[in-house]
Amino acid sequence: HQPKPGHEWAIEPAPLYDAPYYLGSKKLDGKVALITGGDSGIGRSVAVLFAREGADVAIVYLAEDKDAKETKSAVEKEGGRCVLVKADVSDRDHCRNAVAQIVKEFGRIDVLVNNAAFQIHSSDFGELTEEHFDTTLKTNLYGYFHMAQEAVPHMKPGSAIINTGSVTGIDGSKQLVDYSMTKGGIHAFTRALSGSLIGKGIRVNAVAPGPVWTPLNPSDKEAEDVSKFGADTPMKRPAQPEELAPAYVFLASPQCSSYITGEILPVVGGY
Ligand code: NAD
């Protein structure tokens, strides 16, 4: 049932089929991955697992230099090269310069992981300030858009974009109204962009985590109900960041997911 030689596809399949899938293979061998917010939490565990699967990693980060340096040495321990680029994803010029610096270093981008996000819990909708709202939208929506638009010209057929969405983008969270709004937007962005880039052979998917134990969430000191975090999932606990990372490898690797695009993959403990 193979098409005859010279068959014209509506969209040419990307040249992905040279490496059969088998467990234990380096599923991202020779790939270059750009991970925003790759210095902490989920992004950091993705950076380390990508390196273990054979990728070189560029980390775009804003917070502590110390965290970034620690992540770089963890990536290098796995055998991957790692560059750190300090940039604010909500700023278009920062995104442009970050991508230029990474392309100068590695020559191209095979996987873009849009993951950096801003979140503040608020028990009262009326308390959300306009400044807070702006920062949430600019980081979580503009940031993903800017990075994708800057990176795509450097991505070849067979490349992948993975956006970190959230279960709040599906169900909404009453304490995270603005954040939920951006995460729903990220899911729609994922579906729309997958259609837009399909002719270029670039797949676009999202991972939608449930509760994950990372610095994004209130610490013991800040929240009285921290022990309840994740308790409403059927597994009755939050995920560790390392439990998210394999989903990103799956969506990044053509060996695993060459026929999957425009999907939102929930990793939510059965929620
Ligand atoms: P985290 O705080 O460990 O990581 C967030 C990262 O984003 C940090 O490295 C931070 O420096 C970076 N960042 C924030 N604003 C930035 C900006 N303007 N420019 C560049 N970098 C910036 O948190 P995490 O939980 O690992 O979050 C990673 C992703 O997972 C986010 O998209 C978040 O919305 C999503 N998520 C998290 C949870 C959870 O429970 N932790 C649940 C669902 C979705």
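The values are calculated or read from the model by the stated rules, or taken from the named source; none is laboratory data. Given the structure is predicted, the values throughout are model-derived calculations rather than measurements. Note that each Cβ is placed from the backbone with ideal geometry, even for glycine, and that neighbours are counted across all protein chains shown.
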_Criterion first (modelled with pLDDT under 95 and either farther than 21 Å from Ile162 by Cα or in a loop (DSSP other than H, G, I, E, B) (or both)) does Ala74 satisfy it?_
no
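So, restricting to helices (runs of 4 or more DSSP H) that lie completely within region 165-271, which ones have at least 2 residues that are within 26 Å of Ala55 (Cα to Cα)? Steps first, please.
Working: elements: 168-171, 177-197, 245-252, 254-257.
Output list reads 177-197, 245-252, 254-257.
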*Filter result (surrounded by 18 or more Cβ atoms within 10 Å (Cβ to Cβ), assigned to a loop (DSSP other than H, G, I, E, B) and touching an Asp or Glu at 6+ places or on another chain (Cβ under 7 Å)) within region 80-127*: Gly80
*Among the numbered criteria (1) within 27 Å of Cys256 (Cα to Cα); (2) under 19 Å from the mean Cα position of the chain (by Cα), which single criterion is violated by Arg96?*
(1)
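When you look at Glu105, is it among the acidic types (Asp, Glu), more than 12 Å from the ligand (Cβ to nearest atom) and at pLDDT 95 or above, yes or no?
yes
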